[in-house]
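**Student:** Quick one: the structure is below, and I'll ask about it shortly.
Every number here is computed from the coordinates shown, using simple stated rules; none is lab data. A quick note: this is a predicted structure, and the numbers were derived from the prediction, not measured. Backbone-built Cβ (ideal geometry, glycine too); neighbour counts: all protein chains shown.
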Amino acid sequence: MHAKIRSVETFVVALPREVPYLGPLGEGETVNERGYFVRRGNRTIYSTLDRSVLLKITADDGTIGWGETYGIVAPQAVTAIVADVFAPLLAGREAVDIAAIWDELYALMRVRGHWSGFFTDALAAVDIALWDLAGKLAGEPVVQLLGGAKRRQIPAYASGLPRATLVGRVDLAHELVGQGFRGIKYAAAVSHEGVVAEMRALREALGPEVELMVDLHWKYTASEAITLIRALEPYRLYFAEAPCAPEDMDAQADVTANVSAPVAGGEEWSTVFQARPRLAHRCISIIQPELAHTGISQAVAIARLAMKQGVKVIPHATIGIGVFHAASLHVAASLAEVPFHEHQHSIFDANLRYVDTRMRCVDGDFELPEGPGLGVEPRAELWQHVTSD
């Protein structure tokens, strides 16, 4: 188990995709010279590529741990933090001192306001790589280091219906249910025919058994969100995600207290320090840790705190090549109860070609990766898509 860190490296990965994330560009949406566009539905910037930051930690015995974090926009910010701040401090450290390393790296910028964003994203990548490395050094999958697997399969809900029209989105939902998915989430940001109209069409088409969720993408005030969610509730809404601006705890708590359907959130939180006041404020009834932001250590801390307070855990999944997704499945498998895990079907299935792993989504269930560490390794084909820009 003893090995010291020899080097830390980062790589920006940019994978092509046929249709932009969430679906075709809408009216008035254009791609700028940097390859970004802004969704008018939620005023959020996206890339036309599937982009993330891959991190490699090499121990002095040659063992390699892989991490990955959010890199959709301005990934150079993450790589600069790792190269300029983290890598020099990690050199020579015991690779398995994960908790101590996290505490020390997090404290470096605390008084400068960097308790979220690019700094903690970079820390998440380091944390995931250290857990991968620790598992390989121990000859055990990460889930065993977290206390053992409570399950070998995790129910997946299909996230996103990236088609241009409501008819097309309903048809895609039919296809996904036919593939075994028992839950479907659609996105209000591209629900151009109306959020309630889309919910009604999906429920009528899919019947009463399929769970339906909606991602509201932070676009509403509290009163607007309450009115909308109440209109969706007759169609048996499983959860409403991210109804208000994530920094507005009062609005989130107001919505949660005044609707019957569960309110989900938390994908943007990086640490238990952000989760704790929001749980105390009763902002949500379902928490969605995103491993690209939290890493493994904080995802476990957030999930365990939430479950103690009766809040369900349904992990979030964003754009990546599968490394932080594998980490998320290890965390989910270690928890007492996980009703669902998000499945970004337009990303996950396409990008598995770039990694070696037994991780799969089959008949609506995730199958865990196997082998020591995370159970996922980059393939040679991936390096054709590493960019410096």
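**Student:** For the range 145-387, take every pair of Cα atoms, bin their distances at 5 Å starting from 0, and report each bin as a whole percent.
**Tutor:** So the P(r) values, bin by bin, are 1, 7, 14, 17, 19, 17, 13, 8, 3, 1, 0.
**Student:** Run the numbers for Lys150 and His281: contour at 0.36 nm per residue of separation, minus the present Cα-Cα distance, in nm. Write out the running numbers ahead of the final one.
**Tutor:** Values: separation 131, 0.36 × 131 = 47.16 nm, distance 2.99 nm.
Fully extending the segment from Lys150 to His281 adds 44.2 nm.
**Student:** Then there is this: If you fit an axis through the alpha-carbon atoms of helix 323-334 and take the longest principal axis of the Cα set of the chain, what angle between them do you get, 0 to 90°, nearest 10?
**Tutor:** Between helix and principal axis, roughly 80 degrees.
**Student:** Identify the residues of the range 50-65 with backbone N under 14 Å of a label point that sits 7 angstrom from the Cα of Arg17 along the Cα-to-Cβ direction, or state none.
**Tutor:** Inside the label zone: 50-53.
**Student:** Ok, one more. Among Trp115, Trp131, Trp102, which comes first, second and so on when ranked by fewest other beta-carbon atoms within 10 Å?
**Tutor:** Values: Trp115 15, Trp131 26, Trp102 21.
Lowest count first: Trp115, Trp102, Trp131.
**Student:** In whole percent, what relative contact order does the range 5-139 give with Cα contacts below 8 Å and a gap of six or more residues?
**Tutor:** Numbers: 222 pairs, mean separation 40.3, N = 135.
Once normalised by length, the contact order is 30 percent.
**Student:** A further question follows. So what's the angle, to the nearest 10 degrees on a 0 to 90 scale, between helix 195-206 and the longest Cα principal axis of the chain?
**Tutor:** Taking the Cα atoms of the chain, the angle to 195-206 is about 90 degrees.
**Student:** Next question, about the same structure. Name the residue, out of Val73, Val82, Val255, whose mean-square fluctuation peaks in a Gaussian network model built on the chain with Cα pairs under 10 Å.
**Tutor:** Val73
**Student:** Sorted from fewest to most neighbouring beta carbons within 10 Å, what does the list Phe348, Phe340, Phe273 look like?
**Tutor:** Working: Phe348 22, Phe340 26, Phe273 15.
With the fewest neighbours first, Phe348, Phe340, Phe273 line up as Phe273, Phe348, Phe340.
**Student:** How many nm is it between the label spots at Glu33 and Ala99, if each spot is 7 Å from the Cα in line with the beta carbon?
**Tutor:** Taking the two extended label points, one gets 5.1 nm.
**Student:** Which residue fluctuates most in the GNM of the chain (Cα springs below 10 Å): Ser223, Ser328, Ser159?
**Tutor:** Per the Cα network of the chain with a 10 Å cutoff, Ser223 tops the list.
**Student:** For a distance above 11 Å, tell me the whole-number percent of Cα pairs in the range 16-57 that qualify.
**Tutor:** 68 percent
**Student:** Okay, next question. With a point put 7 Å past each Cα toward its Cβ, work out how far Asp349 is from Gln309 in nm, to one decimal.
**Tutor:** Simple spin-label model gives 3.7 nm for this pair.
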